[in-house]
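Structure record follows, encoded as structure tokens.
The values are calculated or read from the model by the stated rules, or taken from the named source; none is laboratory data. Every value quoted in this text rests on a predicted model; they were computed, and no experiment measured them. Note that each Cβ is placed from the backbone with ideal geometry, even for glycine, and that neighbours are counted across all protein chains shown. For the accessible areas, the whole protein counts, side chains as well, though only heavy atoms, and no ligand, DNA or RNA atoms are used. Shrake-Rupley method; radii C 1.70, N 1.55, O 1.52, S 1.80 Å.
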Amino acid sequence: MNASDLASSYELVVIGGGPAGLAAAALAAKAGVQTVLFDENPGVGGQIYRGIGTTPVRNRAILGEDYWAGAALASEARASGATIVNGATVWSLDPNRLVGVSISGQARMIQAQRVIVATGSMERPFPIPGWTLPGVMTAGAAQTALKAQGLVPTGRTIIAGCGPLLWLLAAQLLRAGAGIEAILDTTPRINWLKAAMHLPDFALSPYWSKGLALLREVKAKVPVIAAHRIVAHGKDKLAEVVFATGTGERRMTADLLLLHHGVVPNVNLAMAAGVAHRWNGRQLCFEPAVDADFGTSVHGIAVAGDGAGIAGGTAAAERGRIAALAVIQTLKPGATVPNMQMMRQTLAREEMGRAFLDALYQPAPSFRRPVGDTIACRCEEVTAKQVRDTADLGCEGPNQMKAFLRCGMGPCQGRLCGLTITELIAEQRRSTPQEVGYYRLRPPVKPITLAELASLPKTEAERKAVER
Ligand SMILES: Cc1cc2nc3c(=O)[nH]c(=O)nc-3n(C[C@H](O)[C@H](O)[C@H](O)COP(=O)(O)OP(=O)(O)OC[C@H]3O[C@@H](n4cnc5c(N)ncnc54)[C@H](O)[C@@H]3O)c2cc1C
């Protein structure tokens with residue numbers, strides 16, 4: 001679809017084609033709400049169902065049955081009557097629900113009566129010495145390459161970090177025939193004590209059996225080593241990984257190091273739209289303040305899925321449905337809709353095991369708050385020492401830090417350094433991430449070209465929206 005084929009306004013704009021967005025768009029469109037869904041990727045599916053319908057991976061066992069469950073969600077959305085636009089990057093959303101979107105280099109401003117932001121999650125930054133070396137990447141990136149292109153790492157591969165996704169990816173790579181030299185497990189021992197109180201709920205949740213099966217499958221094939229400090233070494237590319245264990249330092253030669261310390265909400269678009277966010281001390285990230293229907297501080301804008309706090313794919317779809325139901329009740333009060341109570345019960349069941357996982361897989365402070373010459377902001381190559389020294393000079397927050405050091409001003413717009421910068425300042429100033437705050441985000445939240453801006457049909461409202 002071209003940008004010029006879009007209507008200038010829609011009743012509902014859904015941003016993000018993962019489980020939350022797909023479920024929301026399907027339910028709303030089926031109830032007669034004029035719905036458009038924008039997703040920046042070539043196909044729908046989001047993170048968990050990436051490449052569903054086009055993946056070159058034929059052997060279902062490799063990705064596991066949870067992945068293939070995405071096919072039904074995708075076809076339900078396609079059959080619902082919603083307009084689904086792929087390759088559509090949303091770079092602006094204002095408090096009046098004017099949406100800036102680009103498709104194949106053409107930009108348009110679309111007015112929405114209601115917006116559901118379902119932009120999902122991203123991997124937490126994992127700033128260690130050498131993390132910018134070629135040969136070091138995130139575990140999620142390797143999973144994306146597997147799901148979307150069927151690519152499997154070759155050479156000596158080491159996975160480091162903690163979190164459910166790490167074990168899932170390790171199992172998927174092993175099933176796909178990859179060799180994994182070792183898993184450097186950074187789960188702090190103390191976390192088991194913190195997590196223990198949540199064990200009963202976890203044992204009753206769907207995560208219990210799936211998680212244990214994954215751990216058993218991977219540990220049968222790969223040495224798992226508890227590590228509490230990790231350094232990637234190499235001149236022009238990764239050559240070896242040096243890590244500290246309870247019994248001393250070890251070195252392993254490696255061609256590929258996959259890092260993973262969990263996922264966090266992708267806050268950029270919602271924050272830039274003025275949605276109030278707060279620090280979640282359990283998930284160690286910022287999340288939007290949402291009500292029971294995932295409504296936010298900005299009227300007519302809801303945030304659903306992992307963008308509203310990490311709870312996984314199935315919970316994301318249920319959150320999308322609940323947000324859509326609230327929209328239907330407002331825009332189509334007479335429509336026949338599923339039972340909201342049932343959805344809330346399903347969601348509660350899905351969220352049950354989360355507290356245990358959040359407590360167990362909280363990365364250690366040393367991995368979240370680096371020191372010395374470790375790069376904190378990759379785009380602008382700002383080191384942890386620079387940030388700490390500048391905080392000692394009196395810099396109170398990330399926006400001032402941005403002015404002093406340019407951190408957060410690169411192509412990723414703070415996605416890969418925001419949490420690190422906030423936590424470093426909070427530690428240095430003996431304050432809290434909530435008090436320190438996060439970058440003040442503005443549109444465009446994704447890079448766009450001047451040509452795209454120039455391609456915008458000019459109306460007064462739209463000119464004002466971009467000049468904010
Ligand atoms: C790299 C990665 C891999 C993961 N793999 C798994 C897995 O295998 N299994 C699992 O259970 N969980 C996985 N997760 C966790 C995942 O967050 C959830 O399971 C689930 O995908 C969340 O669904 P969602 O609909 O909230 O968001 P997502 O699935 O994240 O979908 C959000 C979609 O919005 C798009 N988007 C974001 N911003 C914009 C924009 N400005 N304009 C247009 N489109 C935009 C994104 O590209 C994405 O397609 C993964 C997370 C990450 C970060």
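So which residues in segment 68-93 are buried (at least 22 other Cβ atoms within 10 Å of the Cβ) and in a loop (DSSP other than H, G, I, E, B)?
82
For every residue, the table says whether it meets (1) of a type in the set (Phe, Trp, Tyr); (2) within 22 Å of the chain's Cα centre (by Cα).
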| position | (1), (2) |
| --- | --- |
| 2 | no, no |
| 11 | no, no |
| 14 | no, yes |
| 37 | no, yes |
| 44 | no, yes |
| 47 | no, yes |
| 67 | yes, yes |
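Within segment 371-407, how many residues are open to solvent by less than 10 Å² (accessible area, probe 1.4 Å), assigned to a helix (DSSP H, G or I) and of a type in the set (Gly, Ala, Ser)?
Number of matching residues: 2.
Quick check on my filter: what residues within segment 55-67 are open to solvent by 50 Å² or more (accessible area, probe 1.4 Å), in contact with a helix residue (DSSP H, G or I) (Cβ under 8 Å, 6 or more places away or on another chain) and assigned to a loop (DSSP other than H, G, I, E, B)?
Matches in segment 55-67: 56, 59.
Pick from segment 117-131 the residues that are out of contact with any Leu (no Cβ under 7 Å at 6 or more places or on another chain), within 16 Å of the ligand (Cβ to nearest atom) and in a loop (DSSP other than H, G, I, E, B): which of them is farthest from residue 244 (Cα to Cα)?
118
Give the residue, chosen from 134, 42, that is outside any strand (DSSP E or B), within 12 Å of the ligand (Cβ to nearest atom), on the phi < 0 side of the Ramachandran plot and open to solvent by 40 Å² or more (accessible area, probe 1.4 Å).
Criteria check complete, one pass: 42.
List the strands (runs of 3 or more DSSP E) that sit entirely inside segment 173-253 and contain at least 1 residues that are hydroxyl-bearing (Ser, Thr, Tyr).
Result: 240-245, 248-253.
For residues that are open to solvent by less than 20 Å² (accessible area, probe 1.4 Å) and more than 13 Å from the chain's Cα centre (by Cα), scanning just segment 279-293, find the one that is farthest from the ligand (Cβ to nearest atom).
Only one residue fits best here, namely 284.
Answer yes or no: is there a residue in segment 434-448 that is part of a loop (DSSP other than H, G, I, E, B), modelled with pLDDT of 95 or more, among the polar types (S, T, N, Q) and over 23 Å from residue 130 (Cβ atoms).
no
Just to be sure, is residue 64 touching a strand residue (DSSP E or B) at 6+ places or on another chain (Cβ under 9 Å), touching a residue at least 12 places away in the same chain (Cβ under 8 Å) and of a type outside the set (Asp, Glu)?
Answer is no for this residue.
Limited to segment 379-415, what total is found for residues that are within 23 Å of residue 228 (Cβ to Cβ) and under 26 Å from the mean Cα position of the chain (by Cα)?
Matching residues across segment 379-415 total 3.
Name the pairs: first residue in segment 81-95 and outside the structural domain of residue 31 (by TED's automatic domain parsing), second residue not aromatic (Phe, Trp, Tyr), Cβ to Cβ under 8 Å, at least 6 apart or on different chains?
Matching pairs, first to second residue: none at all.
Within segment 408-420, work out how many residues are open to solvent by less than 10 Å² (accessible area, probe 1.4 Å) and not in a loop (DSSP other than H, G, I, E, B).
2
Run residue 33 past the list (1) open to solvent by less than 30 Å² (accessible area, probe 1.4 Å); (2) away from the ligand (no atom under 12 Å from the Cβ); (3) hydrophobic (A, V, I, L, M, F, W, C); (4) not in a loop (DSSP other than H, G, I, E, B) and report the number of the one that doesn't hold.
Only one criterion is unmet by residue 33, namely (4).
Has segment 300-316 got at least one residue that is away from the ligand (no atom under 15 Å from the Cβ), in a loop (DSSP other than H, G, I, E, B) and open to solvent by 20 Å² or more (accessible area, probe 1.4 Å)?
The answer is no; no qualifying residue exists.
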